[in-house]
Structure formats: C-alpha cells, structure tokens
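**Student:** Structure below; questions to follow.
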Amino acid sequence: MIDPLVIGQRLRHFRRRAGLTLSSLGQAVHRPPSYLSQLENGQREPRLSTVNDLAAALGCRPTDLLSPDAPSRRAELEVALAHMQRDPLFTSLGLPRLRPSAGLDDAALEQITGLFERVRDLSERPRRSDASLPRAGIGARAANAAMRAEMRRRGNYAEEIEKAATGALRAAGYAGGGAVSERNLTDAAGYLGFTVARVLDLPASTRSITDLRGRVIYVAQRNATGGMRSSRSVIAQTLGHFALGHADPLDFEGYVRQRVEANYFAGALLAPERAVVRVLADARARGDISVEDLNEIFYISYEMAAHRLTNLISHHFDIPIHFMRSDPEGLLWKAYENDGVPLPADEDGTVEGQRLCRRWGARQAYESEDSYAMHYQHTETAAGTFWCATHIAIDRDGDAITIGTRETEARWFRGSDTRRRTASTCPDPGCCRRPAPGALKRWSGVAWPSARDHSHFVSGLPTDTVVFSPHPGVDLSEVYAFLDTHAGQPPARRPRTGAARVR
C-alpha cells in the first residue's frame, strides 16, 4: 500500500515545482481546491483517473505521484509527525497537536519523532515478569484499533481478497448475477479441495472445525446456526482462511487480521463484487442505495450486506461511509468510518465497549413507534452533520446495524429525505449523560443502582485457552475429542470434477 500522506507530500512537491496554486491546479483537473487540499494533507486517496489528470497537469508521470518514497527528508519527517499524532498512544498523552510550520526546523522534527518512537518502544514492553504469558486484553484492543486504522486507509477495500473470491466463484461456475447458489458454494469448497459435512455435535466454542488430513469442513446443522444464511456465512468464512493461505496466528494482531480477512472473503464470495457494483450503480442513479436490497438480492445477513456496502461504495463511487453495530444500551461492538463521523473512543483509540450518544440514530431507533422498521435520521455533531439508516436485527439479540454518511452525500441513499433530525454535543456531559437538574436534586445520594455486567467487553475472548492454542477462545480438548469421534467416518469421495458434496 502507498501511504496517502506520502502521496499528498509528492503532490505538493510537484505542484510547487510547477509553480501552481491549488486553485490553478484545480481548474486544470476540474476539481475544487478543497479536494486537492485534502489530497495533499493525506485525508483522501485519489482515484487512478485523478492521478493521471494530476500528472498531466503537473508535467510528470503518474508513477512520480505514486512513488512510496517521500520527496525529501523534510517531507518524510512531516509524514512521520502526522502518523505520530494519529497514534492512540499519542492521544493518550493529552498533548496538543503540533503543526509542522516553517518555523519548526528539521532538527526539532527529528527530535520529536525520535522521542515518540522511544516512548512507544517502552510502552510496548511486557509489564509482566513472565513475558511469555499472553496479554490478551491489551493485545486485542490494540489489534482492533490498528486494524480499523488500516481499513480506513484502504477505504475498507481489499483488492487481493476480491480477486481470490472471484477466482473461486469462476471455478465454481457462478454466472455473475444475483445470489450465489448452494451448488456454487459447495463447488467453491471443492475448488479449494474440501467437502462440507453438517453435524449436530459441533463444540460450542467453534463455528466450524476443519480436518486438514481428511479435507472436511464440519459445520453445525442449519437448525443450530440460525438458518440457511448463517450457515452459508460460516462455510464461506472458513473457506476464506484457506483461500487466503492463513497459518496458525502467532499473536492477537495476526488473529484479528485473519478474522477480518476471512469475513471479508465471505462477503466477497456470497455477494460478488461485479454483481454488487451493478446493483449499487443502478440504485445510485435513482438515489436509492440501500443495505436492504443487498440483503435480499444476495441472500446474506443484513450485517454482511452492510459490510459489503462499506467494502465497495468508497472504492467504486467515491462515497465516504460509516458502519456501526451496537446493542440496545448503545454500546459499540464494531465500527468503521472514513467519513469523519466522531465515534466515541477511549484514550488508546478503542471504540469497542464505548457508549454512543443518545441522540444518534443507532439509539433513537429503539425509541421509535416501530423499532423494527428502518430508522432514518440526520444528526448534527461538532464534526458536521451526518445521515444514517439503522436496522434492528431480530436474530442478533436486538443489536442495531447502522450505516451512514455525510449529509452532503446522503442524496444517493434511500431514506435521505427523512425529516427526522437531532443534534448531539457529546462528549459534552450536558448532551445526554448528565441527569436533569430536577432529577439530580430529587435523587442524588438516595439512589443505589446496580450495574449490569458487560463481561464480553471486560474479558473479550477467553484467555486461558491462549496458552495452549493459537486460536483464542477455542477449547482444543473439545475440538480434538470431536475429531476423534468423526475421524472414523471417512469423508465422501470428492468428485473428480472438483465439485464438493454436502452431507
């Protein structure tokens, strides 16, 4: 990947070399100066066609703009400073942001960035006497924050995973339109060398178990997985690990990366890129983009459809987006954004377990007259006004799945014409968290609430199994006992055509 900050520095270098202002360059490439300023500051990534136009206007080659090397040592230091100030560790220090103005010389920048690297090295040293013990909670939080930052830089699009899924579908005979059939899915498994077996006794700590010797993927019977859509998703996610060449993860960062990549592959397999882009292009022309259509057309869960929208809409249509999954109490389970929506986060950048503002659509949806109808809303925040659409999932403990974008981009989406509008000033306590003065006077000191436990946020995945397993949360004793039971049942012979059998 090429760092957007480096691209911005190279664009600024060649623009100044050509003696052009942002306005004059914008006129040459038919882009507003504000857009070019965002490119130069690394806040956006240009599309390839834009890079070609910029190169022609600047008298250089596209590869000159896309080189991974900063154009000067000064530029390299400014990139390092920008990355430093985006680091959750820097945020946790509570220091003011520093602008690399002309008055800040190179030597000072060298000192500042070098000192921060030293602080980071010291902070990452194990604090336990036995460094071999897993630091599950710390590792998982840092890994989630790092993965979210990487996906934001990529626009949540992974070309290499899209290609892997496309190759498997092509081998499985997918015709290229509509939902992927059960035969396509099992043939894709056959293409990767596996058969699929549905069983009733799959251990509770697993979604699937793969016998690599017998080349069998064991999944739960459909009645135990919540229906056909969930079962298809589990199979596709498991295939993703093998299609992408995953080995046993060595740490939590590797574990989180593999889960994200396998989930991405599952979405790309069940909702193929070209087919989804056709649906989105048609809907965009009508100002009617919706997650519901992807959910129904491709026979996938609403959450997977929402993820698939975020994978493709920025890359193909240059529309920024945000995604959230939160529970009825407003606690975030998952989140992604590249539109600047101000997600709540703690000092190290973690959003998981943070509570959303009561004014946001993800929480207002529960208070509507029909909480299971789509909830559309515009919300004014300190970072701008955002539109969102929230769906409350009946089959996911009533969690809210939300997608949204800046109000200026909302016109492409179904429900953007809603008149529902709120304003949020969070994290200001006066927005929605401080009790009303009257209630505070009546009950302060005479009320004793007992908080509900949220152990999934405190403990994350079980940590006792990490010592014995590279797969956090999996009870290997149960897994091996399961395989001992089923190993005596030889897998069905795979047809020579490469198709897989489901039994």
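The values are calculated or read from the model by the stated rules, or taken from the named source; none is laboratory data. Just so it is clear, the model here is predicted, and its values are computed rather than measured. Cβ: placed from backbone, ideal geometry, glycine included. Neighbour counts: every protein chain shown.
**Student:** State all residues of the range 354-397 that are aliphatic (A, V, I, L, M) and free of Cβ contacts under 8 Å to residues at least 24 places away in the same chain; if no residue qualifies, say none.
**Tutor:** Result: A373, I394.
**Student:** Among (1) part of a loop (DSSP other than H, G, I, E, B); (2) out of contact with any Leu (no Cβ under 6 Å at 6 or more places or on another chain); (3) over 28 Å from A382 (Cα atoms), which single condition is I300 missing?
**Tutor:** Against the list (1) part of a loop (DSSP other than H, G, I, E, B); (2) out of contact with any Leu (no Cβ under 6 Å at 6 or more places or on another chain); (3) over 28 Å from A382 (Cα atoms), I300 comes up short only on (2).
**Student:** For the range 198-220: of the residues being crowded, with 20+ Cβ neighbours inside 10 Å and touching a Pro at 6+ places or on another chain (Cβ under 8 Å), which is farthest from S230 (Cα to Cα)?
**Tutor:** Selected residue: V216.
**Student:** Just give me the residues in the range 107-136 being at pLDDT below 60, out of contact with any Pro (no Cβ under 7 Å at 6 or more places or on another chain) and hydrophobic (A, V, I, L, M, F, W, C), in sequence order.
**Tutor:** Of everything in the range 107-136, those that are at pLDDT below 60, out of contact with any Pro (no Cβ under 7 Å at 6 or more places or on another chain) and hydrophobic (A, V, I, L, M, F, W, C) turn out to be A131, L133.
**Student:** May I ask you to list the residues in the range 61-115 that are more than 20 Å from A145 (Cβ to Cβ), free of Cβ contacts under 8 Å to residues at least 40 places away in the same chain and not in a helix (DSSP H, G or I)?
**Tutor:** Scanning the range 61-115 gives R61, P96, L98, R99, P100, S101, A102, G103, L104, D105.
**Student:** Continuing with the same structure: Yes or no: S24 more than 31 Å from the chain's Cα centre (by Cα), of a type in the set (G, A, S) and in a helix (DSSP H, G or I)?
**Tutor:** yes
**Student:** Also, quick follow-up: Would it be correct to say that A383 is within 22 Å of the chain's Cα centre (by Cα), aliphatic (A, V, I, L, M) and within 17 Å of D339 (Cα to Cα)?
**Tutor:** yes
**Student:** All but one of (1) farther than 15 Å from A236 by Cβ; (2) touching a helix residue (DSSP H, G or I) at 6+ places or on another chain (Cβ under 6 Å); (3) modelled with pLDDT of 80 or more hold for G139; which doesn't?
**Tutor:** With respect to (1) farther than 15 Å from A236 by Cβ; (2) touching a helix residue (DSSP H, G or I) at 6+ places or on another chain (Cβ under 6 Å); (3) modelled with pLDDT of 80 or more, G139 is out only on (3).
**Student:** Going through the range 167-189 one residue at a time, which ones are hydroxyl-bearing (S, T, Y) and in a helix (DSSP H, G or I)?
**Tutor:** T186 - this is the single residue of the range 167-189 that is hydroxyl-bearing (S, T, Y) and in a helix (DSSP H, G or I).
**Student:** Only residues in the range 278-295 that are in the same structural domain as M374 (by TED's automatic domain parsing) and touching a residue at least 60 places away in the same chain (Cβ under 8 Å) count as the first member; pair them with residues that are part of a helix (DSSP H, G or I) and exposed (fewer than 15 other Cβ atoms within 10 Å of the Cβ), Cβ under 8 angstrom, at least 6 apart or cross-chain, and list the lot.
**Tutor:** Listed by first residue and then by second, the contacts come to G287/R411.
**Student:** Continuing with the same structure: So in the range 303-339, with the set limited to residues that are at pLDDT 90 or above and part of a loop (DSSP other than H, G, I, E, B), which one is surrounded by the fewest Cβ atoms within 10 Å (Cβ to Cβ)?
**Tutor:** The extreme case among them is D318.
**Student:** Now a separate question. Please go through (1) at pLDDT 85 or above; (2) under 16 Å from the mean Cα position of the chain (by Cα); (3) crowded, with 19+ Cβ neighbours inside 10 Å for P344 and return the number of the only condition it doesn't satisfy.
**Tutor:** Every listed condition holds for P344 apart from (3).
**Student:** All but one of (1) outside any helix (DSSP H, G or I); (2) surrounded by fewer than 14 Cβ atoms within 10 Å (Cβ to Cβ); (3) of a type in the set (D, E, K, R) hold for R16; state the number of the condition that does not hold.
**Tutor:** Among (1) outside any helix (DSSP H, G or I); (2) surrounded by fewer than 14 Cβ atoms within 10 Å (Cβ to Cβ); (3) of a type in the set (D, E, K, R), the lone unmet condition for R16 is (1).
**Student:** Are any residues in the range 32-53 part of a loop (DSSP other than H, G, I, E, B) and surrounded by fewer than 18 Cβ atoms within 10 Å (Cβ to Cβ), and if so, which ones?
**Tutor:** If the condition is that a residue be part of a loop (DSSP other than H, G, I, E, B) and surrounded by fewer than 18 Cβ atoms within 10 Å (Cβ to Cβ), then P32, N41, Q43, R47 are the ones that fit.
**Student:** A further question follows. So if I check each of T405, T385, which one is at pLDDT 90 or above, buried (at least 18 other Cβ atoms within 10 Å of the Cβ), in contact with a His (Cβ under 8 Å, 6 or more places away or on another chain) and outside any loop (DSSP other than H, G, I, E, B)?
**Tutor:** Selected residue: T405, the only one of T405, T385 that is at pLDDT 90 or above, buried (at least 18 other Cβ atoms within 10 Å of the Cβ), in contact with a His (Cβ under 8 Å, 6 or more places away or on another chain) and outside any loop (DSSP other than H, G, I, E, B).
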